[in-house]
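One structure is given here, and the rest of the page talks about it.
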Amino acid sequence: MRYVSTRSAGFGLLPPQPFSTILLEGLAPDGGLAVPENYARFTPAELAALRPLDYRQLAFAVLSRYADDIPAADLQAIIDRTYTAATFGSDEIAPLLALEPNLFLLRVSNGPTLAFKDIALQLLANLFEYVLAKQHATLNILGATSGDTGSSAELAMRGKRGLSVFMLSPKGKMSPFQTAQMYSLTDANIFNIAIDGVFDDCQDIVKSLAGDAAFKRQFHIGAVNSINWARIAAQVVYYFKGYFAATSRDDEQVSFAVPSGNFGNVLAGHVARQMGLPIRRLIVATNENDVLDEFFRSGRYRVRRAAETLQTSSPSMDISKASNFERFVFDLTDRDAVAVAALWRDVEARGGFDLAGTPFGRRLRDAGFVSGRSTHADRLKTIRMLAERYDVVVDPHTADGVKVGLERREAGVPLICIETALPAKFSTTIREALGYEPKRPPAYEGLEALPQRFVTLPADVAAVKSFVARHAHA
Ligand SMILES: *Cc1c(COP(=O)(O)O)cnc(C)c1O
């Protein structure tokens with residue numbers, strides 16, 4: 001499998017690249033995102049053969065289609081040491097909970113940071129370590145987090161040879177638990193950079209530095225944001241897992257409700273569908289930052305400025321410029337890189353684009369996506385409803401997904417709501433909804449009292465660049 005850019009026929013100015021190359025690169029040299037030349041498609045017979053597989057076997061079946069320049073035995077070994085009961089709480093890795101007939105919760109948040117990001121980042125860390133050792137190379141990871149990617153990446157990469165992590169986070173805008181989880185890591189290869197700004201500022205700085213070819217080359221800069229294709233590929237696996245767990249026939253359709261911010265999770269669902277998984281609807285749930293809901297309702301993509309991005313009680317979705325969305329639009333245009341490049345020039349120049357009334361707008365209506373928005377009051381109501389009716393406590397992001405999922409649910413179609421974090425990470429909102437504290441796994445007692453280590457920098461590319469240059473792995 002070779003990878004191209006969403007903005008040109010090759011990988012930027014280069015010919016299509018193999019997996020191990022794009023694994024270490026964030027953006028293509030032309031500013032586009034790496035996508036596989038095609039989606040590996042399972043025939044119905046191949047799909048049926050996947051049903052009895054356990055999570056690690058399923059992960060190999062999916063990932064070997066994309067990471068095909070890693071020898072099969074090595075890839076299986078990487079997968080086997082990533083997806084363990086010790087790291088993810090059970091060999092199920094992503095257990096499915098039935099709330100009632102045809103209504104499920106897919107629990108992908110049982111990793112070390114209690115959010116679904118661990119599914120991808122635990123794998124990514126092991127892939128990085130493997131590829132770097134083979135190439136005798138080092139890598140400085142540069143990332144931006146709205147709360148969960150940061151701790152997930154740092155816990156996965158801490159102490160790994162040849163790797164340093166520079167993680168930008170919006171100062172004072174994450175939950176105390178999220179903040180403590182990240183800032184309490186004191187490993188020498190972990191650098192927490194608190195930015196005076198919002199998540200989109202952090203992401204813009206990372207994108208700007210990732211587009212700086214000379215800087216990237218000099219300091220071996222890599223990405224862990226969900227713009228990294230390997231993360232998407234890792235997340236595709238649990239759509240298969242959830243599908244097989246919720247169905248008993250191979251032609252049955254299911255819908256997924258997905259709390260969305262940077263559009264990575266739901267993009268993985270889109271990829272799973274392109275690979276042949278019978279998904280009926282992908283239900284995109286946003287919070288009050290509803291750029292994606294507006295798009296799926298109207299065809300109009302209108303990014304918001306940092307100052308218009310609201311701080312909400314589902315903070316990991318406080319995103320107004322969803323990076324991975326470009327990969328979906330690439331498919332929507334039937335993989336027309338020239339059209340995508342033009343649309344993103346409109347994003348730069350005019351803050352968005354409108355597909356309504358264009359041929360792409362018509363394709364959007366048939367793309368199998370629906371959307372909805374959820375507010376703070378909706379989250380509280382949904383958390384209470386799930387606790388009363390099903391005796392489960394969900395986190396505020398999962399609540400956004402369930403709220404919109406139930407609105408867009410169709411009779412007779414199994415609905416799988418993806419649980420993106422555990423409630424322990426967001427105790428303030430849980431207390432507000434239920435009047436009591438969520439259960440906290442014992443390993444996390446006293447987390448907020450640990451000493452914290454971070455530097456504060458302004459939302460300024462040059463300041464971050466100079467910090468990275470001073471501390472980067474040679
Ligand atoms: C990252 C995150 C999201 C958003 O996922 P995307 O892949 O960015 O759309 C939703 N909920 C939680 C808890 C998250 O950590």
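The values are calculated or read from the model by the stated rules, or taken from the named source; none is laboratory data. A quick note: this is a predicted structure, and the numbers were derived from the prediction, not measured. For neighbour counting, all protein chains shown are included, and Cβ atoms are generated from backbone atoms with ideal geometry for every residue, glycine included. Please note that ligands, DNA and RNA were not included when accessible areas were found on the heavy atoms of the full protein model with its side chains. Shrake-Rupley method; radii C 1.70, N 1.55, O 1.52, S 1.80 Å.
Things worth noting here:
- The residues of region 169-202 that are surrounded by 22 or more Cβ atoms within 10 Å (Cβ to Cβ) and part of a strand (DSSP E or B), listed by number, are Ser169, Pro170, Ile190, Phe191, Asn192, Ile193, Ala194, Ile195.
- In region 138-163, the residues that are among the small types (Gly, Ala, Ser), touching a Leu at 6+ places or on another chain (Cβ under 8 Å) and more than 16 Å from the ligand (Cβ to nearest atom): Gly162
- Any strands (runs of 3 or more DSSP E) falling wholly within region 1-112 and containing at least 1 residues that are more than 30 Å from Gln218 (Cα to Cα) and open to solvent by 40 Å² or more (accessible area, probe 1.4 Å): 96-100, 103-107
- Residues located in region 426-459, provided they are assigned to a loop (DSSP other than H, G, I, E, B) and in contact with a strand residue (DSSP E or B) (Cβ under 9 Å, 6 or more places away or on another chain): Gln452, Arg453, Phe454, Ala459
- On inspection, Asp400 does not qualify as closer than 29 Å to Leu282 by Cα, away from the ligand (no atom under 16 Å from the Cβ) and at pLDDT 95 or above.
- Selection count where residues are open to solvent by 10 Å² or more (accessible area, probe 1.4 Å), over 13 Å from Ile319 (Cα atoms) and outside any strand (DSSP E or B), scope region 271-302: 8
- Test: residue in region 222-229 that is more than 16 Å from the ligand (Cβ to nearest atom) and more than 17 Å from the chain's Cα centre (by Cα): no
- One residue stands out in region 418-470 among those that are basic (Lys, Arg) and within 29 Å of Ser260 (Cβ to Cβ): the one that is surrounded by the most Cβ atoms within 10 Å (Cβ to Cβ), namely Lys425.
- Residues located in region 360-373, provided they are touching a residue at least 12 places away in the same chain (Cβ under 8 Å) and assigned to a helix (DSSP H, G or I): Phe360, Gly361, Arg363, Leu364
- Hits in region 341-359 - residues which are under 20 Å from Ser260 (Cβ atoms) and in a helix (DSSP H, G or I): Leu343, Trp344, Val347
- Of all residues in region 127-148 being among the small types (Gly, Ala, Ser) and open to solvent by 10 Å² or more (accessible area, probe 1.4 Å), the one that is nearest to Lys425 (Cα to Cα): Ser146
- With respect to the conditions (1) in a loop (DSSP other than H, G, I, E, B); (2) within 12 Å of the ligand (Cβ to nearest atom), Val258 lacks only one, and its number is (1).
- If you go through region 14-32 and pick out every residue that is touching a residue at least 40 places away in the same chain (Cβ under 8 Å) and within 10 Å of Val4 (Cβ to Cβ), you end up with 2.
- Picking from residues in region 374-388 that are free of Cβ contacts under 8 Å to residues at least 60 places away in the same chain and of a type in the set (Lys, Arg), the one that is least open to solvent (accessible area, probe 1.4 Å) is Arg384.
- Odd one out for Ser323 among (1) more than 16 Å from the ligand (Cβ to nearest atom); (2) modelled with pLDDT under 95; (3) among the small types (Gly, Ala, Ser): (1)
- Taken over region 219-251, residues that are in a helix (DSSP H, G or I) and touching a residue at least 60 places away in the same chain (Cβ under 8 Å) amount to 18.
- Residue match in region 240-255 (condition: within 12 Å of the ligand (Cβ to nearest atom) and either open to solvent by less than 10 Å² (accessible area, probe 1.4 Å) or touching a Phe, Trp or Tyr at 6+ places or on another chain (Cβ under 9 Å) (or both)): no
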